[in-house]
Every structure is written in C-alpha cells, then in structure tokens.
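Reading through the structure tokens given below for one structure.
Any read-out appearing in this document is the output of simple, stated calculations on the displayed coordinates, not a laboratory observation. Keep in mind it's a predicted model, so treat the numbers as computed, not measured. Here Cβ is always computed from backbone atoms with ideal geometry, including for glycine, and neighbour counts include all displayed protein chains.
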C-alpha cells in the first residue's frame, strides 16, 4: 500500500527539533531557514514513511514546502521505496536522508544507476534489517552522491 508521508512541521516547543521550528521571530527569515534546510536534510523536520511502496518525488514538496528532506521509515513490514532522480543542475547540493526506525530490510530503488557510491553507480539500496540503517545523499550532476551510509548495500 502506497502512503503519503506524514509531515509534522518542526516546533521549538513541541518537537520535532529543526531549524524551521523557529518561525516566529529569531535570527533567520523564513527564506534563510529554507536555504539552510535545502543543503542539509537533518535541519528539517522528519517525514515519516509508513507505506509498503512509498515514492519520493524530487524535489519533494510536502504540506510544508522544502526540498531537502529527512525521511524516517516506520513501516511495520518492508517498504519498497522509489526515489526520483535529481534534476541537473537545478537540484545540485540538495540533500535527502533516509533512515529506518524498524528492523526490516527496506529498499530504495532509482529509475537508473544514479547512486554514486565511490565504487561505481548503482540503482538499488538495500537496508540491513536493523533500526538505524540508512543513508545521507546529496544531489550533484544528476546523481545522488552517497555522503554516508550505515547498514546499506548498493547493487545493480
């Protein structure tokens, strides 16, 4: 079952934490906050994926607009996620974090071999069936550069 991610805007008082939780007053304008989040997915609030075939379009535009996104997989079973390719050069330096909060072997599939791992280009990322397995990706030159991964195997 495909589900739409559940987004909860960051709130300094009620969580989740994130730079966008300081919308009223503060040192950064709304535009400045967006600029910071676009280059570091961890600054934005988490999007919770709970379907079995979630699709991540890019740029990702949830209820609260942003491009870089921090995804947490909370699916009870395996989630077969598809991730769209970044647009070159429009999306350069955007980032996406995808991490699991369940002990399931989730997958993330690209439309073609666009995961640049430093050991070649791949189209499939398979997560270890452990909480905390995941990856941090940065868009550049039409690929998703793998900046960090933990418990993820890349293939195909």
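Below are the figures for this structure:
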quantity	calculated
Equivalent ellipsoid semi-axes, region 80-156, via Cα gyration tensor eigenvalues times 5, rooted, Å	21, 12, 11
Rough spin-label spacing in nm, given labels placed 7 Å along Cα→Cβ, for residue 90 and residue 39	2.1
Contour minus Cα-Cα distance for residue 117 and residue 148 (0.36 nm per residue)	10.2 nm
Nearest-0.05 FRET efficiency for residue 55 and residue 76, computed from C-beta distance (R0 22 Å)	0.75
